[in-house]
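The values are calculated or read from the model by the stated rules, or taken from the named source; none is laboratory data. What you see is a predicted model, and the numbers here were worked out from it, not measured in a lab. Ideal geometry is used to build each Cβ from the backbone, glycine not excepted, and the neighbour counts take in all protein chains shown.
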Amino acid sequence: MTERFKLTIKKPLSLEKQSQLFQALKPLQVSTEKEKHQHLYQQAQKEKEAKQKKKKEVKAALTWLYKNFSDCFNLEILKPLKLNINKDIYPYLEQEGAPSKIKLRLALKYYTHNLDYLKALINGVYRYDLKGQQVEEITQEQKTFSQGKLEKILQSIKAKKAT
C-alpha cells in the first residue's frame, strides 16, 4: 500500500531562522542577478553589432547606386525618383558586386527618407528615371504626403534632442 502524507500546519519561521535562510540563499540570488545583467549586456552588444552591420550594408548598396546610376543618384543634387524605380534596378543586380534585393530596398528606403530628398520632392516638379530623364510630374498629393513625412521626422528629431 502507498503511504499517505498528512498535511500539517507549522509555525512560521522565527526571525533568526528567516535571517539564516536569507543569508544562505543570498549568494545564489546575487549570482543569478549578475548572470542576468551579463546576458542583457551580451544581448545589447549583439543588437548593436547587427545594427552596425546593417548600416554598413546599406552604405555599400548606396555606394553601388551612386557609382552605377550617377545621373539619377547624386548626393550633391538630389532628384525625386521615379515611382517603383527599384523594378528598373533589379535587372542590374545580376552584376558582380551588386547588392541583394533586400539590401537595395533598404538603401532606397534610407535614400528616400533623407530630409534633403524629402525637401527635393516637395520643391520639385518632375520625377527622374535611372538615366536622369524627367519621367512623370509630382502630384500635389505626393508633395503633401512628403511634407507630412518631413514634419514627422523633424518632430521625432526634436523629441530625441529634448530627452
Among residues of the stretch 131-142 being outside any strand (DSSP E or B) and touching a Leu at 6+ places or on another chain (Cβ under 9 Å), the residue nearest to LYS79 (Cα to Cα) is ILE138
Per the list (1) out of contact with any helix residue (DSSP H, G or I) (no Cβ under 7 Å at 6 or more places or on another chain); (2) part of a helix (DSSP H, G or I), residue check on SER146 breaks on (1)
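Residues are listed down the side, and each one gets a yes or a no for (1) among the charged types (D, E, K, R); (2) in contact with a strand residue (DSSP E or B) (Cβ under 6 Å, 6 or more places away or on another chain); (3) modelled with pLDDT of 90 or more:
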position: ILE77; (1), (2), (3): no, no, no
position: ILE102; (1), (2), (3): no, no, yes
position: LYS109; (1), (2), (3): yes, no, yes
position: ASP116; (1), (2), (3): yes, no, yes
position: GLU136; (1), (2), (3): yes, yes, yes
position: GLU141; (1), (2), (3): yes, no, yes
position: THR163; (1), (2), (3): no, no, no
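Determine if the stretch 18-30 includes at least one residue that is charged (D, E, K, R), at pLDDT 80 or above and outside any loop (DSSP other than H, G, I, E, B). Before you say what the answer is, go through the steps one by one.
Initial filter on the stretch 18-30 (charged (D, E, K, R)): 26.
Retained after the next criterion (residues that are at pLDDT 80 or above): none.
No, that holds for no residue.
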Of (1) touching an Asp or Glu at 6+ places or on another chain (Cβ under 8 Å); (2) not in a helix (DSSP H, G or I), LYS103 fails just (2)
